[in-house]
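Take a look at the structure below.
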Amino acid sequence: MPVTVDVVRAALAGVALPASAGSLAASGRLSDILVRSGEVIVSIAIAPAEATAFEPVRQAAEAATAALPGVTKARAVLTSDATPATVQPTVPLAAPRAAAVATPQPVAVARPMRLPSLAGIRHIVAVASGKGGVGKSTTAANLALALAAASDAGARQLQVGVLDADIYGPSMPKLFALKGTPRILSGRTLAPLEGYGLKVMSIGFLVEPSKAMIWRGPMVASAITQMLRDVAWGELDVLVVDMPPGTGDAQLSLAQTAPLSGAVIVSTPQDLALIDARRGVAMFRDTGVPILGLVENMSYFVCDDCGKRHHIFANGGARVEAKRLGVPFLGEVPLDPIIRERSDAGLPVVVSEPHSTAAQAYRSIAEHLRRALALA
Ligand code: ADP
């Protein structure tokens, strides 16, 4: 018989809290029970100071769940809220800014397991880079806009969202010229903001970037997971996730747990950047996330005077690298000052300069993506 949430909850009635405080199931500490094809994740809400005392509870909950017939994999995690004195059964993500700042989320992530796919969202695509500054966020924003723009007269209009998960430097508020704190719709659900017809959620709307910088990897991954789950995305064909740059703990955690359809890796053509891009490809591959392809950003410079393409860094490094790695090459984006100027002004080129070479490059990459995701 397939395992259900109720069966798991019943099993957790046998798990006792510290200091004879009753059973875990009755305590209101169970903030989530997720079940998918025999895999179960149990989240237990604690105050940060309770982490040590609750570790035996976590282990017992994991063991009790794992022992159930039909469970192929079980994981229990401790999560903590901003209000340690009053642990609630649910953990609102979006509390006021100050509270969110003080909210280091997860405490224990032992054996990561991928979360179930999200109702209403067909594809979640990570846009990642091996290191910062290669134009990942700019590419993510313009690709999302290009995906949403009908590619040709007959093409279906896609519903697209953007989740800015770049906790170390959220760019979407600037790129989409959006400010403000998202509205709370119900207990723990947030309304995304809207920019150029896209639903946009950014960690920058919720936390002071300087505070988020110091979060440890699992905290970052948990905050982002909540943004995936607890935002009213509605029906989306594609949710583009602007990943934090690099291949550290946070990125690995996300790659392991988020229900991703695939990843796009952005690189500049230089050898050093390509070494980092290779690491990104390896990380997603190791976690079973398909690589949708490599994008070469700042690929060439078109001279105003002579109109010729100048490959100022190197020539086609990412294309060669993609071939070497056996992953698709999605296309090249020129180094074009207009991309930076328009991005800084909150007017991404795909919407503000749709006829530019740069916008055409993004649209062509979006076409490849549409096909890779069978959305063409
Ligand atoms: P990352 O997300 O990788 O850190 P960003 O997208 O924030 O990088 O881009 C870093 C800087 O480079 C920004 O100022 C951006 O406007 C600029 N930039 C990105 N791509 C291009 C491009 N193709 N041509 C010119 N400037 C670019």
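Remark: relative contact order (the chain) = 16 percent; criterion is Cα-Cα distance under 8 angstrom and separation of 6 or more residues. Within the chain, helices built from complete DSSP H runs that reach 15 Å or longer along their own axis (Cα positions) and carry a mean Kyte-Doolittle hydropathy of -0.5 or higher are 51-66, 136-148, 217-229, 271-286. With the helix formula -39500 (n - 2.57) applied to DSSP H stretches of n ≥ 4, the chain reaches a computed 222 nm mean residue ellipticity of -9500 deg cm²/dmol. Highest GNM mean-square fluctuation among ASP164, ASP305, ASP32, for the chain modelled with Cα contacts below 10 Å: ASP305. What is the set of long-range amide H partners of VAL162 at a cut-off below 5 Å, with H atoms built 1.01 Å from backbone N? HN-HN under 5 Å from VAL162: LYS199, VAL200, MET201, VAL240. Of the trypsin sites (Lys or Arg not before Pro) found in the range 288-359, those in coil by DSSP whose Cβ has at most 14 other Cβ atoms within 10 Å are LYS308. Sorted ascending by nearby beta carbons within 10 Å, beginning with the fewest, HIS355, HIS310, HIS123, HIS368 become HIS355, HIS310, HIS368, HIS123. For the pair the range 177-203 and the range 252-314, the centres of their Cα atoms are 28 angstrom apart. Across all Cα atoms of the range 219-376, the radius of gyration (one decimal) and Dmax (whole number) stand at 16.6, 51 Å.
Cβ-to-Cβ counts within 10 Å put SER20, SER261, SER129 in ascending order as SER20, SER261, SER129, the fewest first.
What is the Å³ per residue value for the convex hull set by the Cα atoms of the range 125-196? The partial results should precede the final answer.
Details: hull volume 9.0 nm³, N = 72.
About 124 Å³ per residue, rounded to a whole number.
Every pair of different Cα atoms in the chain enters the Kirkwood calculation, which places the hydrodynamic radius at 21.6 Å. Amide H to amide H, with H built 1.01 Å from N, SER31 comes under 5 Å of SER43, ILE44, ALA45, counting only residues 5 or more places away or on other chains.
Report the antiparallel proportion of the DSSP beta bridges in the range 226-376 as a percent, rounded to a multiple of 5.
For the range 226-376, the DSSP antiparallel bridge percentage is about 20.
Distance between the C-alpha centres of the range 221-244 and the range 319-342: 25 Å, rounded to the whole angstrom. Taking every DSSP bridge with both residues inside the chain, close to 30 percent are antiparallel.
Read-outs throughout are calculated quantities, based only on the coordinates presented, and are distinct from any laboratory measurement. The structure presented is a predicted model; accordingly, all values stated were derived computationally and were not measured. Neighbour counts run over all protein chains shown; Cβ positions are idealised from the backbone, glycine included.
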